[in-house]
Amino acid sequence: FYNFSFSGIKTAVLRQIQKLPPDFHKADMAASFQENVTNTLVKKLCKAAKETNLNKLVIAGGVSANKTLRKKLLETGYEVFMPDLKYCTDNAAMIASAGYFCRDIASFQ
């Protein structure tokens, strides 16, 4: 229940959008996608907190920048910890940065 990924669904939504007529309102699909994904995340976080007898939730990374998710988590009744929006970065940027600063390590091996 707690180990899941949205990578497949993002691809499925993209492929579905590509099949739609040009006059289709893509913003409607994006809003529906966001609503369903944030509902799923909140549900799973709350279930995990309840089953582990915890009263605090923490989110971080790129997903924690989503304002809808942040709002829904604050409405759960749990104490929620999340970074300021300026610190909500995607992991890819962090990996690229680490690679840049560690580029000379390979020459020491």
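Some values worked out for this structure:
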| item | result |
| --- | --- |
| Matching residues, the stretch 17-35, being more than 13 Å from Asn66 (Cβ to Cβ) and either under 16 Å from the mean Cα position of the chain (by Cα) or not in a helix (DSSP H, G or I) (or both) | Leu20, Pro21, Pro22, Asp23, Phe24, His25, Ser32 |
| Of residues in the stretch 58-80 being modelled with pLDDT of 95 or more and among the hydrophobic types (A, V, I, L, M, F, W, C), the one nearest to Phe4 (Cα to Cα) | Leu69 |
| Answer residue from the stretch 69-84, given it is touching a Lys or Arg at 6+ places or on another chain (Cβ under 7 Å) and hydrophobic (A, V, I, L, M, F, W, C) and is least open to solvent (accessible area, probe 1.4 Å) among those | Met82 |
| Condition check for Ala106: open to solvent by 50 Å² or more (accessible area, probe 1.4 Å) and at pLDDT below 80 | yes |
| The stretch 69-90, residues that are outside any loop (DSSP other than H, G, I, E, B) and either more than 11 Å from the chain's Cα centre (by Cα) or among the hydrophobic types (A, V, I, L, M, F, W, C) (or both) | Leu69, Lys71, Lys72, Leu73, Leu74, Glu79, Val80, Phe81, Leu85, Lys86, Tyr87 |
| Criterion: open to solvent by 80 Å² or more (accessible area, probe 1.4 Å), outside any helix (DSSP H, G or I) and hydrophobic (A, V, I, L, M, F, W, C) - qualifying residue of Leu54, Leu14 | Leu54 |
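The values are calculated or read from the model by the stated rules, or taken from the named source; none is laboratory data. Just so we're clear, the structure is a prediction, and the values are computed from it rather than from any experiment. Neighbour counts run over all protein chains shown; Cβ positions are idealised from the backbone, glycine included. The accessibility values were calculated without ligands, DNA or RNA, using every heavy atom of the protein model including side chains. Shrake-Rupley method; radii C 1.70, N 1.55, O 1.52, S 1.80 Å.
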